[in-house]
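Notes to accompany the following structure.
The values are calculated or read from the model by the stated rules, or taken from the named source; none is laboratory data. Just so it is clear, the model here is predicted, and its values are computed rather than measured. Every residue, glycine among them, receives a Cβ derived from its backbone with ideal geometry; neighbour counts consider all protein chains shown. Heavy atoms of the whole protein, side chains included, go into the accessibility calculation; ligands, DNA and RNA do not. Shrake-Rupley method; radii C 1.70, N 1.55, O 1.52, S 1.80 Å.
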Amino acid sequence: MDSITVRDKEFVPYLTEAQIQQRIAELAAELEVDYAGKNPLFIGVLNGSFMFVADLMKNLSIDCEIAFIRLSSYTGMESTGSVKQVLGLQDNVFGRHIVLLEDIVDSGLTMEQTLVFFEERGPKSIEISTLLFKPESLEKDLSLKYVGFEIPEKFVVGYGLDYDGHGRNLKDIYQLKEA
Ligand code: 5GP
């Protein structure tokens, strides 16, 4: 694999498509055991999670449902730039086993706020699965049950993750090249 340029930045190869697919198959095997017979509702957080959700679902043969949400910052006076609202949820969460699917957990703020939204709606259980996790950046007390890869505090792109809107279509994951 070669280095690539996305917009104005150079990125070096970090996780290959094969490594990603291997790890997703392992996560799916865990989920199959834990959620057999529970008809879980998997909820992908757009945009970054779309490839992860698709590949994870192709590895699952248990009965389940899949939905997507999008988060947006509140507009208006109370906006701090970091408070998110959840858009697009049509499914009833009450009494369901929910698994949130994220591309990456960094500070954990996004997932903490998302969890509050779902917990208020009375799920039977709720867990988080994230493909990537930056443990050194975590500021919130989050329990992440299904983690693909723990990665260092460096910006990554590819496999759904963007830099300035670009790079989501890359099959592999790349890391920002040190200056
Ligand atoms: P958190 O709220 O956990 O700090 O941030 C989560 C969000 O920040 C992710 O959903 C993602 O959009 C963005 N993010 C954090 N780290 C990275 C990264 O290394 N690369 C990309 N492309 N996005 C990131």
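Observations on the structure shown:
- Test: residue in region 110-132 that is more than 16 Å from S49 (Cα to Cα), hydrophobic (A, V, I, L, M, F, W, C), near the ligand (Cβ under 10 Å from one of its atoms) and not in a helix (DSSP H, G or I): no
- Taking the listed residues V99, V116, the one that is open to solvent by 40 Å² or more (accessible area, probe 1.4 Å) and either at negative phi or without any contact (Cβ under 8 Å) to a residue 40 or more places away in the chain (or both) is V116, with no other qualifying.
- Any hit, region 5-18, residues being in a helix (DSSP H, G or I), hydroxyl-bearing (S, T, Y) and over 17 Å from the mean Cα position of the chain (by Cα): no
- Restricting L142, L115, L100 to residues that are in contact with a Ser or Thr (Cβ under 8 Å, 6 or more places away or on another chain) and not basic (K, R) narrows the list to L100.
- The set of residues in region 158-179 being within 8 Å of the ligand (Cβ to nearest atom) and either assigned to a loop (DSSP other than H, G, I, E, B) or in contact with a His (Cβ under 8 Å, 6 or more places away or on another chain) (or both) consists of D162, G167.
- Selected residue (criterion: least open to solvent (accessible area, probe 1.4 Å)) from residues of region 149-172 that are in contact with a Ser or Thr (Cβ under 7 Å, 6 or more places away or on another chain) and in contact (Cβ under 8 Å) with a residue 60 or more places away in the chain: G160
- Within region 100-138, the set of residues being more than 22 Å from L89 (Cα to Cα) and not acidic (D, E) comprises S107, L132, F133, K134, P135, S137, L138.
- Residue within region 22-37 that is crowded, with 19+ Cβ neighbours inside 10 Å and outside any helix (DSSP H, G or I) present: no
- Screening K140 on (1) part of a loop (DSSP other than H, G, I, E, B); (2) within 13 Å of the ligand (Cβ to nearest atom); (3) open to solvent by less than 40 Å² (accessible area, probe 1.4 Å) shows it passes everything except condition (3).
- Subset of region 38-51 [assigned to a helix (DSSP H, G or I) and touching a strand residue (DSSP E or B) at 6+ places or on another chain (Cβ under 7 Å)]: F50
- Which listed residue is surrounded by fewer than 18 Cβ atoms within 10 Å (Cβ to Cβ), touching a strand residue (DSSP E or B) at 6+ places or on another chain (Cβ under 7 Å) and on the phi < 0 side of the Ramachandran plot, from A67, A54: A67
- The numbered conditions (1) over 17 Å from the mean Cα position of the chain (by Cα); (2) open to solvent by 40 Å² or more (accessible area, probe 1.4 Å) are all true for P123 except (2).
- Here F68 fulfils each of the conditions (1) within 14 Å of the chain's Cα centre (by Cα); (2) under 20 Å from K134 (Cβ atoms) apart from (2).
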